[in-house]
Each structure stands twice: as structure tokens, then as C-alpha cells.
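The values are calculated or read from the model by the stated rules, or taken from the named source; none is laboratory data. Owing to the predicted nature of the structure, the values given are computational and were not obtained by experimental measurement. Cβ: placed from backbone, ideal geometry, glycine included. Neighbour counts: every protein chain shown. Just the protein is used for accessible areas: all its heavy atoms, side chains included, with ligands, DNA and RNA removed. Shrake-Rupley method; radii C 1.70, N 1.55, O 1.52, S 1.80 Å.
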Amino acid sequence: MKLDSLDKAIGAATGVSGGSAITVPAMLLPNEIKWRRAIRFSKPKRIDDGFFNKVSCFKIQDQIFGHHAVFWIDKETFLLLKIYREKEFKDFQTQETTTYQPIKNGKVTDLMLEFNPPGESRWWQLFD
């Protein structure tokens, strides 16, 4: 499947990734990623620093889509390592954690950019 914009390609991968596919691209390219579920900081606030996987991190909290979120950012590399979100609903609450294993200045191959969902599912063919 070939899409005509980065915004549409990221949006297509967002659903099957549980939303994680859009997070970093939207932060790095806010003018190109316009998809409605992209994380946009509204009132970020630095809270007490912490550790994630033995890495010293800055911790930033914000309300994302009206829900509490905390971001762990490596103090040395400034790379995003973890996002924790709590969502409050009328009758229940959910908690979600996304972890990242970023590689700084690594080589990106064409194979790494291929969209290849688990089980070789071709869900997008349902819409052709």
C-alpha cells in the first residue's frame, strides 16, 4: 500500500500500533503530522526526576486528550524512553505504558520502514 503523505502513512499505522506509531513523529514533525490523535502538549510541567531501566530521566507530565500522562526523557541523550497514561472514564480507569528503545544515529534501512503487521495481516486491503 502506498500513501501520498507522511501524515496518512503514520495515521494508517497508528491504529494497529495502539497509538504508539504517531507519538514520536508528531513530536518531531508537528507541522507535517496533523492527524487528530497526535500528542500535543498543552501545559507540560517538569516533575521530580526518576529512573527508567537504570537510566536517569527527566519526567514531564501533561494532560493529553484530557488524560494524565508522564514522559520519561533520558537526561544524557534527550531521547524519549517511556510514556505512562491514565484515562479516567465514568465507570472505569485504564493505565497504559509505552516503552521505547531508541538508537541514536543508527542506520535506517528500507526494510525497517516497511509496514509489516504481525501475522502478515493485510487489513488495509479491505478498503480497496
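Listing for the model above:
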{"read-out": "Qualifying residue in segment 36-47 (condition: under 21 Å from residue 102 (Cα atoms), among the small types (Gly, Ala, Ser) and modelled with pLDDT of 75 or more)", "value": "no"}
{"read-out": "Contacts under 8 angstrom Cβ, first residue in segment 46-60 being hydroxyl-bearing (Ser, Thr, Tyr), partner open to solvent by 40 Å² or more (accessible area, probe 1.4 Å), 6 or more apart", "value": "56/49; 56/75; 56/76"}
{"read-out": "Of all residues making up segment 11-34, the number that are modelled with pLDDT of 75 or more, within 21 Å of residue 97 (Cβ to Cβ) and either of a type in the set (S, T, N, Q) or open to solvent by less than 40 Å² (accessible area, probe 1.4 Å) (or both)", "value": "4"}
{"read-out": "All positions within segment 62-78 that are open to solvent by 50 Å² or more (accessible area, probe 1.4 Å) and either on the phi < 0 side of the Ramachandran plot or touching a residue at least 40 places away in the same chain (Cβ under 8 Å) (or both)", "value": "63, 68, 75, 76"}
